[in-house]
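Please read the structure below before turning to the comments.
The values are calculated or read from the model by the stated rules, or taken from the named source; none is laboratory data. Owing to the predicted nature of the structure, the values given are computational and were not obtained by experimental measurement. Cβ placement follows ideal geometry from the backbone for every residue including glycine, while neighbour counts extend to all protein chains displayed.
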Amino acid sequence: MEYYYIKSLHLIFVITWFAGLFYIPRLFVYQIEAFHKPSPDKEILGKQLKLMAKRLWFIITWPSAILATLFATWLLILRPFYLGDAWMHMKLGFVLLLFIYHYKTHVYFKQLQKDDVRVTSNFMRIWNEGATFILFAVVFLVILKNAINWIYGVIGIFVLGVLLMLGFKLYKNIRAKNPDA
């Protein structure tokens, strides 16, 4: 029974971790756009968005990442035989990618907190999809385990990427015609 309680806590913190990773790049988009506004909008919006990003990052996202990792480790201690499964090796590879994504997002966070804008808001909109790809891959991998057909999985991720890019282009065109959209 202990396993299921720990698994539930792991899933809760994975969900809140991803919620933070989904929302923080959106705040970065707004910060970057506010940075290019005239005064006093730049200062007012910038200050508020930095505060929102700081609270999200340090109160929700980082603690959730740490707790999800601790509960995942506990689960592997309770069920070490999973470490022998190929799907678990793949999952851990995607988790490594998630930590790299989280770290790079932290780098962007620190830069924007110092008003050091090095990327465009359009870049950050694309960056925002990184966590989505990892989430899709991990969920399908964990649910389907060894039954996954890797060819269909790779094609599915590719199709998702194409659809997201088309959606991004469509949104960019809509924004070009109506900047308030």
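Worth a mention:
- Scanning segment 65-83 turns up no residue that is in a helix (DSSP H, G or I), closer than 25 Å to Thr120 by Cα and either at pLDDT 95 or above or among the basic types (Lys, Arg) (or both).
- Among all positions in segment 98-105, there is no residue which is within 27 Å of Arg26 (Cβ to Cβ), more than 15 Å from the chain's Cα centre (by Cα) and not aliphatic (A, V, I, L, M).
- Hits in segment 84-95 (condition: more than 25 Å from the chain's Cα centre (by Cα) and either closer than 18 Å to Leu9 by Cβ or assigned to a helix (DSSP H, G or I) (or both)): Gly84
- Meets criteria (farther than 19 Å from Phe136 by Cα, touching a Phe, Trp or Tyr at 6+ places or on another chain (Cβ under 8 Å), in contact (Cβ under 8 Å) with a residue 24 or more places away in the chain and among the small types (Gly, Ala, Ser)) for Ala65: no
- Any hit, segment 37-45, residues being touching a residue at least 24 places away in the same chain (Cβ under 8 Å) and not aliphatic (A, V, I, L, M): no
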